[in-house]
1. Between segment 82-127 and segment 165-221, how many Å separate their Cα centres?
2. What does the charge count around Ile189 come to, taking other residues whose C-beta lies under 13 Å from its C-beta (Lys +1, Arg +1, Asp -1, Glu -1)?
3. Can you pull the one-decimal nm distance between simple spin-label points at Phe151 and Leu132, each 7 Å off the Cα toward Cβ?
4. How large is the direction-averaged shadow of the alpha-carbon convex hull of the chain, in nm²?
5. For an R0 of 35 angstrom, estimate the FRET efficiency from the Cβ-Cβ distance between Ile178 and Leu206 and round to the nearest 0.05.
6. Sort 167-177, 189-199 by packing, meaning the average of other beta carbons within 10 Å per residue, with the highest value first.
7. Please build a GNM for the chain, connecting alpha carbons under 10 Å apart, and tell me which residue among Gly89, Gly55, Gly160 fluctuates the most.
8. Using a Cα-Cα cut-off of under 24 Å, which lysines could be cross-linked to Lys223, ignoring same-chain neighbours fewer than 8 residues away?
Amino acid sequence: MWETINQSLLAVLHLDGDVWQIVLTSLQVSVTALIVGTIFGLPIGAILAIANFPGRDGLITLINTLMNVPTVIIGVLVYLLLSRSGPLGYWGVLFTVPGMIIAQSLLTTPLIAAISRQIISDAWQIHREPFLSLRLKLFQQIKWILWDCRFSLIIALLAGFGRAISEVGAVMIVGGNIAHHTRTMTTAITLETSKGDLSLALSLGLVLILVVLIVNLLAFLIKKISEKKYG
């Protein structure tokens, strides 16, 4: 075990081109999925938190359900949609990076929407009366409540990134785990472990942990600096 750990640490310090490509592919897919999930998830969460309309409770239940759906189920559904016989087969993105981004976006969006809804719902109890007294439109209410909760919403974004970067089931199904093309850190770890190459699998795992650690540190620093600047 110690020999494997030592080999893994040396492999991290001497990452070759193939490993770097795996890391960069993981970051490309996860960061893009996070951006898409943020663009759609935050407004959805805000609307569900402050708007009152028929079917709202049903949508909240649906979002919470999608947040906990196993990733392989999402992978299978996206595979069926993007396959040649599927309704979106003409896109030609199955077993490609864009196809993996679609799958991960469907995972991050409900998660960000559900967490942000809870955060914004708590803040709405404080801002509801002032906003209603000012007769702000729904769009204005969403804009100001998102700005007021901007520091707390970092938690939702971190959760979305964490789910994207650590996900394996959906991207393996949709991406195919093709070498030099759609192989990510998690799919490569799964493959190398099954092949018995534990040192490479562990080195990729260490890189994955390091990436998550750096992202969390950056988010913490941004939050602290912003709080000092804006109060």
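Computed from the coordinates by the stated procedures, all read-outs in this text should not be read as laboratory data. Source: prediction; values computed, not measured. Ideal geometry is used to build each Cβ from the backbone, glycine not excepted, and the neighbour counts take in all protein chains shown.
1. Taking the Cα centre of each part, segment 82-127 and segment 165-221 sit 20 Å apart.
2. Numbers: positive: Arg183, Lys195; negative: Glu167, Glu192, Asp197.
Local net charge: -1.
3. Spacing of the two 7 Å Cα→Cβ label points: 2.8 nm.
4. On the way: hull surface 62.5 nm².
Computing the convex hull of the Cα atoms and averaging its projections yields 15.6 nm².
5. Values: r = 24 Å, r/R0 = 0.68.
Calculated transfer efficiency: 0.90.
6. Numbers: 167-177: 23.0, 189-199: 15.1.
In decreasing order of mean packing, 167-177, 189-199 become 167-177, 189-199.
7. Gly55
8. Once the sequence-local lysines are set aside, what remains near Lys223 is Lys143.
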